[in-house]
Amino acid sequence: MAEKQLDNIDDVNNTEIIYPGVSDRIKAAVIDSFVIVVFMVVLTIVFSQFANVPDSFRFAGFIFIFLLYDPLFTSLFAGTIGHMIMNIQVKQSSNTEKNIRFPLAIIRYLIKFLLGWISLLTVGSDKKHLAIHDIVISSVVLYRNKN
C-alpha cells in the first residue's frame, strides 16, 4: 500500500483530515472584504432613512462591522461568511468539535488584523497549516464536513 506524501493530511480515527492551505484562507479573507463593504452599504442605506441618527448608533455599526464581525461569527458559527463560502471553519485545536470561545476569537482577530498577511507566513511551514494567530490561541482551520 502506498503512503500518502501530502504534508497537510492527518489520519485521525480512520478519518482523513486535510487542512486548508493559504490560498483558501486568502480567498475567504477577500470574500469577507466584500461582505464588509456590503455591511457598510446596508448600514448607510438604513441610516439614510432617518433624519438624525445618534452618533452612538453610528459608532455601534462601526464596532460591529470592523471589530466584532469576525470574532462573533467565528465563535458562534466557526467562521465568517467568507469561511463558510470557502467551506472552511475555525475550531479549537484541543477539540475540533468545539468552536473557539469569543474572548479568544477577539484575540485571534486582533493578531490577524495587526500582523496582516505576515500572520499567514507560517501556514506553509506546519502540517496543520497554522497561521500565527492560530498558534497563539490554539485554534485550527479545517474543511467543513461535506454532508
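Checking 118, 81, 63, 88 one by one, the residue that is surrounded by 15 or more Cβ atoms within 10 Å (Cβ to Cβ), out of contact with any Lys or Arg (no Cβ under 6 Å at 6 or more places or on another chain), without any contact (Cβ under 8 Å) to a residue 60 or more places away in the chain and not basic (Lys, Arg) is 81 and no other.
Set side by side, the residues 56, 33 differ, and just one is under 14 Å from the mean Cα position of the chain (by Cα) and exposed (fewer than 14 other Cβ atoms within 10 Å of the Cβ), which is 33.
With the structure loaded, tell me whether residue 138 is at pLDDT 95 or above, over 19 Å from residue 32 (Cβ atoms), out of contact with any Cys (no Cβ under 9 Å at 6 or more places or on another chain) and hydroxyl-bearing (Ser, Thr, Tyr) or whether it fails that test. Criteria met by residue 138.
The values are calculated or read from the model by the stated rules, or taken from the named source; none is laboratory data. Quick caveat: nothing in here was measured; it's all calculated off a predicted structure. All Cβ positions, even for glycine, are placed from backbone atoms using ideal geometry, and neighbour counts span all protein chains on display.
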